[in-house]
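Worksheet for the structure shown next.
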Amino acid sequence: MRKLKGRILLLVLFISLSFSAFTQKDGYYNNLDSALKTPDNVRILDLKKKRLKEFPIEILKLNNLEKLILSRNSISFIPCEITNLKKLKYLDLSSNNIDALPDEMSYMKIDSLILWDNPIRKFPREFSKIGLLYLDLRAIQMNKEEQEVIKSIFPYTRIRMDNPCYCNPR
């Protein structure tokens, strides 16, 4: 029985190391310092639950970044320089403190924008240029009028929202 447990432990260790090597090789990073060592290889950067209080400006050095996950942090401000990430298609900012996005983001070609559980309730009309395929706004209290405005800005986007509240617009 002891030998079996040892073999299982070795197998689990081998699989986890193999997966780790595969994901780094495949362009997935969950550590900014590691990603910055080979910035041209980074396709996916996952910094969820890293206790970030600010958007790490070093991310802007990752020119080939396609997917950025900054969920479950305490970020309240996204710099307009995020538009320098020309290959970015997926941006997850869920569960932060974001109440606005920079107008300059309207020139980006993001497919998916995940913003659930943030205080954001409005978007500039220029955001209709983004061409979003998916927008997640769940767990954000908005009244029906606010939701209708958002739907008019993103008419061809699949939008996920909670039921409207009977709250006052901001």
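Look through Phe77, Phe123, Phe127 and report the one residue that is assigned by TED's automatic domain parsing to the domain that holds Lys49 and not in a loop (DSSP other than H, G, I, E, B).
The match here is Phe127.
Could you say whether any residue in segment 101-113 is out of contact with any strand residue (DSSP E or B) (no Cβ under 7 Å at 6 or more places or on another chain) and among the basic types (Lys, Arg)?
Within segment 101-113, one or more residues are out of contact with any strand residue (DSSP E or B) (no Cβ under 7 Å at 6 or more places or on another chain) and among the basic types (Lys, Arg).
Taking the conditions exactly as written (touching a helix residue (DSSP H, G or I) at 6+ places or on another chain (Cβ under 9 Å) and not in a strand (DSSP E or B)), does Pro164 satisfy them or not?
Yes, satisfied.
Would you point out the residue of segment 36-62, among those that are surrounded by 15 or more Cβ atoms within 10 Å (Cβ to Cβ) and closer than 19 Å to Pro119 by Cβ, that is farthest from the chain's Cα centre (by Cα)?
Leu52
Please go through segment 63-91 and give me each residue that is farther than 24 Å from Lys129 by Cα and surrounded by 15 or more Cβ atoms within 10 Å (Cβ to Cβ), ordered by number.
Matches in segment 63-91: Ser71, Arg72, Asn73, Ile75.
Condition test on Pro102, is it closer than 26 Å to Pro164 by Cβ, surrounded by fewer than 19 Cβ atoms within 10 Å (Cβ to Cβ) and more than 13 Å from the chain's Cα centre (by Cα)?
no
The values are calculated or read from the model by the stated rules, or taken from the named source; none is laboratory data. Predicted model only: the values in this text are computed from it and were never measured. So basically every Cβ, Gly included, is an ideal-geometry build from the backbone, and we count neighbours across all protein chains shown.
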